[in-house]
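The values are calculated or read from the model by the stated rules, or taken from the named source; none is laboratory data. Quick caveat: nothing in here was measured; it's all calculated off a predicted structure. Please note: Cβ atoms are built from the backbone with ideal geometry, for glycine as well, and neighbour counts cover all protein chains shown.
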Amino acid sequence: MSGRREGETALAHDPAKLTDATLAFIGTIETAFGPGNCPRNIAQARETGHPAHLHIDPPYRPGLDGITPGDAVIVLYWMAGAPRDLIRQVPRHRESATGVFSLRSPARPNPVAMAVVRVLAVDAGVVTVDAMDCWSGTPLLDIKPYLPSVDVPPAADSV
């Protein structure tokens, strides 16, 4: 694949060609962004002031029961357009290559992204959230409650 930066390393195989797992997309994400104007992270997405809409497919809508405005949720989504064969990358903000598992880059063997967002509204299978950092039409994998009592790791000095 062209477009690699000096120092980057690709896998010998493309994980996109493997068939060892199956996922069910539960809907799509509608944002104001596309390939030319997508924020690089959720903080930048919030700065734009554009909310996002999680469109849940009909069979999965009963799973929204219990989600209410004001809730914080973890959204898992599939960065379908990202390369999947990079294992070491040279991000624009670093001078040298580093392993993909130490980065939040969408380019990874399994391009699963996550964001912790605030629910603004739930209406007829559409969950409106404060922001998302993905292209409109991105496949939605899952929504989970954010629970500070279990999701915040202990302080480094108490481990």
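Of all residues in segment 113-124, none satisfies being among the hydrophobic types (A, V, I, L, M, F, W, C), in contact (Cβ under 8 Å) with a residue 60 or more places away in the chain and not in a strand (DSSP E or B). The C-beta contact set for segment 12-30 (first residue under 25 Å from SER136 (Cα atoms) and of a type outside the set (Phe, Trp, Tyr), second residue part of a helix (DSSP H, G or I) and at pLDDT 85 or above, distance under 8 angstrom, 6+ apart or interchain) comprises ILE26/TYR60; ILE26/GLY63; GLY27/TYR60.
Residues of segment 53-67 being more than 13 Å from GLU30 (Cβ to Cβ) and surrounded by 13 or more Cβ atoms within 10 Å (Cβ to Cβ), which ones? Once the filter is applied, which keeps residues that are more than 13 Å from GLU30 (Cβ to Cβ) and surrounded by 13 or more Cβ atoms within 10 Å (Cβ to Cβ), segment 53-67 yields ASP57, TYR60, ARG61, LEU64, ILE67.
Could you please let me know if ILE74 is hydrophobic (A, V, I, L, M, F, W, C), under 26 Å from VAL117 (Cα atoms), surrounded by 13 or more Cβ atoms within 10 Å (Cβ to Cβ) and in contact (Cβ under 8 Å) with a residue 24 or more places away in the chain? Taking the combined requirement at face value, the residue satisfies it.
Contact annotation: residue pairs with Cβ atoms under 9 Å, 6 or more positions apart or on different chains, pairing a residue in segment 135-159 that is free of Cβ contacts under 8 Å to residues at least 12 places away in the same chain and under 30 Å from HIS50 (Cα atoms) with a partner that is of a type in the set (Gly, Ala, Ser) and surrounded by 10 or more Cβ atoms within 10 Å (Cβ to Cβ), are LEU147/ALA72; PRO148/ALA72.
Which of the residues belonging to segment 80-112 are surrounded by fewer than 17 Cβ atoms within 10 Å (Cβ to Cβ), in a strand (DSSP E or B) and hydrophobic (A, V, I, L, M, F, W, C)? Across segment 80-112, the qualifying residue is only VAL112. Can you find even one residue in segment 56-79 that is in a loop (DSSP other than H, G, I, E, B) and under 15 Å from the mean Cα position of the chain (by Cα)? Yes: one or more hits.
Of ALA82, ALA107, ALA121, all but one fail to be of a type in the set (A, V, I, L, M) and farther than 24 Å from ALA24 by Cβ; the exception is ALA121.
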